Every structure is written in C-alpha cells, then in structure tokens.
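The values are calculated or read from the model by the stated rules, or taken from the named source; none is laboratory data. Not measured: the values here are computed from a predicted model. Virtual Cβ from ideal backbone geometry, glycine too; neighbours counted across all protein chains shown.
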Amino acid sequence: MKRAVVLCLTFFARVETVVKNLGRTCRLVSQTEVLRRDEYRIAMRVGNWALSQDHYHFMVQLSNGQWAHKQGGNASEIKPANFNPATGDWVLLLPLKYNSKTLFFAVNR
C-alpha cells in the first residue's frame, strides 16, 4: 500500500476518535454514496514533501454539491462547480500538491 494512503487511513483513525469524543459519528464513504440527512461529506488528502512533514488537507461538500476549503490564514474558497476532489489538483504552493488518493468520509451535524 502506498505510504500516502496509509497516512490518510492513519489520520482518519485519529479524526474518527476526535469526532467520537465530541459525541458525533464518522464513517468512510465513497464520493457518490448517498448520505444520511444529518451528515456532510468531507474529502481528505495528504501531501508528503521531502523538505517538510506530512500535510493533511480537508474539503467539505456544500449543500449545492460544490466543494469548499480553507488554507491557513487565507480566506475560505468555494471551488468551481465542475471541481472533482477525486481527480482535481489540490495545490498548496506550486509545485507542492496534496498528491494522495482522496479519502471521503461522512460526519454527522
């Protein structure tokens, strides 16, 4: 298994623990799986660069199907309607990208 996928799954386990400690549920889902009415979909990737530590990034799917994210001190950004988090580029600072497979999970509201 590729290192980035292992890192995603390892980090998801941490996220799942934190979410459960907050009294919420968290489960792995596909990009197209129908969610329960009380859930929202999160996409996660990891970027691994030789000069730094592993970096994780998340996007949330909005009620209209678009994706939004926020990087550091920058303002939140809503991605274009045709953006697909499974295939689109997740760029930190060129040429650094979040280059792992996209992991999707659902969290209840």
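Considering every residue within the range 82-98, establish whether at least one is on the phi > 0 side of the Ramachandran plot and modelled with pLDDT under 95. No, the range 82-98 contains no residue that is on the phi > 0 side of the Ramachandran plot and modelled with pLDDT under 95.
Residues that are outside any helix (DSSP H, G or I), of a type in the set (Gly, Ala, Ser) and under 16 Å from the mean Cα position of the chain (by Cα) within the range 13-47 comprise SER30, ALA43, GLY47, listed in sequence order.
The selection criterion, being among the aliphatic types (A, V, I, L, M) and surrounded by 11 or more Cβ atoms within 10 Å (Cβ to Cβ), does not hold for LEU22.
Selection over the range 65-90 of residues that are over 21 Å from GLU39 (Cβ atoms) and surrounded by 13 or more Cβ atoms within 10 Å (Cβ to Cβ) gives a count of 3.
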